[in-house]
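*Asks:* Got a structure for you, written out below as structure tokens; questions coming shortly.
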Amino acid sequence: MKRTSLSIISLTTLVAQAQQRPNIVYIMSDDHTAQMLSAYGNSPIQTPNMDRIAQEGVIFHRSFVANSLSGPSRACMLTGKHSHKNGFTNNEHGIFDGSQQTLPKLMRQAGYQTALIGKWHLVSEPTGFDYYDILVGQGEYYNPTFIHQDGTRTREVGYCTNVITDKAIDWIEHRDQDKPFILFVHHKACHRDWLPEMKYLREFENTEFSLPTNFWDKWENRVAAQQQEMTIASPHDMDIIYDTKMYLPGDSSRLSSSYVSLVDRLDEKRKKEYWTFYDSLSCDFKRRHLSDKKLVEYKFQRYMRDYAKVTKSLDDNVGRLMEYLRRAGLLDNTLLVYTSDQGFYMGEHGWFDKRFMYEESLNTPLLMRLPKGLKRRGVVNEMVQNIDYAPTFLDLAGVPIPQDIQGESLVPLLREEQGPKKWRDAIYYHFYEFPAEHMVKRHYGIRTDRYKLIHFYNDIDTWELYDLQSDPQEMHNIFGQEGTEKITRQLLKRLHKLEKQYDVPSM
Ligand code: SGN
Ligand code: CA
């Protein structure tokens, strides 16, 4: 009798303790970059809902990925390990080994409910989740198809960003209330080819976006940059139909049939509305007979406008989920994270896409609204990386961090109003997907507070060095220049130390 009442008490205590452990809602978009998030200061568009997370919590100004590409970045986040350790180095040939240790598995073992909704992109079946509902591959913007846990597929009705949020809210509503939870909400937005929600078709059409000052970069002294295929000006790289939607029936290009089939997913009424709008823009475009710089600038405006439209729906939905958590009384005991799988070029160096270790794509937005008990607020300037998320979430949940996790828990950064005196002084980066779409050479490197040293390898062997203080746009490769010998030696030494620390295989 006594034993029974004791175990009831301890069970009640356990449930109470479990309820106190913070929930984690991890929202990750795709290809959303800090230049298009107003809390970062220089965005040409407003993202008020994302900004609210920053206002009520923290905004990381030096938040980096370990490998600037979707699948690899997701694998780093899920394992807390660099690509060479988790095995998923590139999208083209990767299949994530789901039998390895992952964040959701560890959280589940510790009594958390684990769920994943949206883009997965790791090819193998998700493991470690109590529940999942994922997009097929890259996913579709209009009436997207989802793969459910039982293997069946449903073509849902609606705009992808809204559908994912609806599903996330629905899962929270029906969860087991006796357990804390970690929910991964992975959006397709703002990935190529930037198809807008119908209500925002006409949004930003009167906005003239400014060209970045280095838009016409000629990539002097940077061989890998000269040989990439992600330039807005190039008709091959940025397709006038697929990417900028300048299309009339009968037109064709390398990617036109993909474009038409993605729009075709709309129902008849919306399809008509879509084509009426873009047809009129396409007619106007044809009448102008643009060429040379004028044509390139036109492509840039179209790219920026569509990206901005897609981002607006994303921001709305971040707000919708946050307000739901607030109304449900969950927000104050939840770590709410907003991030992206990497950054993106919005015309800097003349580019779209990512991959390079240059700032725009190495950096990824990172905002957190902290659960009670964590006092840090405002701008965080310490260097963090996406391999840090797994240990952070484990730490917060009171789960011991396995030795082989390579990231650092961010909890010590977040606990007090001031960050700790000592923090990491360098990060390691490695990109492997070459030869492949956009043709960015394989490279690895080190970024410290002030400098960046990169080695491009495989079919080339070139080094680049940047002083981010005097050259934040990374236009002047100073590698090999007189006066840089000492810093180059120091950076190489620090890089080798990182390679040793992370057990990087020698090449
Ligand atoms: C697709 C895109 C590329 C993009 C990769 C990787 N082409 O292949 O532009 O770089 O995804 O993106 S598309 O014609 O299919 O749109 S990632 O974010 O998933 O890594
Ligand atoms: Ca991506």
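*Asks:* In percent, how large is the relative contact order of the stretch 441-501, given Cα pairs closer than 8 Å and 6 or more residues apart?
*Replies:* Relative contact order here is 24 percent.
*Asks:* Further question on the same structure: Relative contact order for the chain: what percent, with Cα pairs under 8 Å and sequence separation of 6 or more?
*Replies:* 23
*Asks:* Ok, one more. What is the stretch 366-410's relative contact order, in percent, from Cα pairs under 8 angstrom and six or more apart in sequence?
*Replies:* Working: 30 pairs, mean separation 17.3, N = 45.
Result for the stretch 366-410 is 38 percent.
*Asks:* With 10 angstrom as the radius, rank THR484, THR231 by how many other C-beta atoms surround their C-beta, starting from the fewest.
*Replies:* Numbers: THR484 16, THR231 21.
Ranked by crowding around the Cβ, least crowded first: THR484, THR231.
*Asks:* Calculate, in nm to one decimal, what GLN403 and GLN46 gain on full extension: separation in residues at 0.36 nm each, minus their alpha carbon distance.
*Replies:* 124.4 nm
*Asks:* Find, to one decimal place in angstroms, the Kirkwood hydrodynamic radius of the stretch 171-231, where the mean of 1/r is taken over every pair of different Cα atoms and then inverted.
*Replies:* For the stretch 171-231, the Kirkwood estimate is 17.3 Å.
*Asks:* Could you tell me which of the pairs LYS199/LYS286; LYS269/LYS312; LYS293/LYS441; LYS199/LYS452; LYS441/LYS497; LYS286/LYS441 are separated by over 32 angstrom between their Cα atoms in the structure shown?
*Replies:* Flagged as over cut-off: LYS199/LYS452; LYS286/LYS441.
*Asks:* Sort 300-312, 160-172 by the packing proxy (mean of other Cβ within 10 Å over each peptide's residues), most packed first.
*Replies:* Details: 300-312: 23.8, 160-172: 21.5.
Ranked by mean Cβ neighbours within 10 Å, highest first: 300-312, 160-172.
*Asks:* Report Rg(Cα)/(2.2 N^0.38 Å) for the stretch 307-380, keeping two decimals.
*Replies:* Against the empirical 2.2 N^0.38 Å value, I get 1.37 for the stretch 307-380.
*Asks:* Further, regarding this structure: Would you work out which of LEU195, GLY250, SER261 lies farthest towards the positive end of the dipole of the chain, given +1 charges on the beta-carbon of Lys and Arg and -1 on that of Asp and Glu, about the Cα centre?
*Replies:* The residue sitting farthest along the positive end of the dipole is LEU195.
*Asks:* Order these peptides, 332-342, 287-297, by their mean beta-carbon neighbour count within 10 angstrom, highest first.
*Replies:* In descending order of packing, they fall as 332-342, 287-297.
*Asks:* Rounded, prolate or oblate: which fits the stretch 68-137, taking a ≥ b ≥ c as square roots of the Cα gyration tensor eigenvalues, rounded meaning a/c under 1.5, else prolate when a/b beats b/c?
*Replies:* Note, shape of the stretch 68-137 comes out oblate.
*Asks:* Moving on to the next point. Over all directions, how big on average is the projection of the convex hull of the alpha-carbon atoms in the stretch 441-501, in square nanometres? Present the calculation step by step, with values, prior to reporting the outcome.
*Replies:* Details: hull surface 17.9 nm².
If I average the Cα hull's projected area over directions, I get 4.5 nm².
*Asks:* So for the chain, taking the charge dipole from beta-carbon charges (+1 Lys/Arg, -1 Asp/Glu), which of GLN473, LEU69, ASN162 sits furthest toward the positive end?
*Replies:* Farthest along the dipole direction, towards plus: ASN162.
*Asks:* Looking only at the chain, where both bridge partners belong to it, what percent of the DSSP beta bridges are antiparallel (to the nearest 5)?
*Replies:* Values: 33 of 60 bridges.
The antiparallel proportion sits near 55 percent.
*Asks:* Also, quick follow-up: Determine the equivalent ellipsoid of the chain by diagonalising the alpha-carbon gyration tensor, then write out the semi-axes as square roots of 5 times the eigenvalues, largest first, rounded to whole Å.
*Replies:* Numbers: eigenvalues 268, 188, 80 Å².
Calculated on Cα positions only, the semi-axes equal 37, 31, 20 Å.
*Asks:* Follow-up. What does the charge dipole of the stretch 441-501 about its Cα centre add up to, to the nearest 20 debye, if the Cβ of each Lys and Arg holds +1 and the Cβ of each Asp and Glu holds -1? Write down the numbers at each step before the final one.
*Replies:* On the way: 11 positive and 10 negative charges, 84 e Å.
Using Cβ point charges on Lys, Arg, Asp and Glu, the stretch 441-501 gives about 400 debye.
*Asks:* Under 27 Å Cα to Cα from LYS375, which lysines show up? Leave out anything in the same chain fewer than 8 places away.
*Replies:* Within reach: LYS179, LYS421, LYS422.
Computed from the coordinates by the stated procedures, all read-outs in this text should not be read as laboratory data. No experiment lies behind these values; they were computed from the predicted model shown. Neighbour counts run over all protein chains shown; Cβ positions are idealised from the backbone, glycine included.
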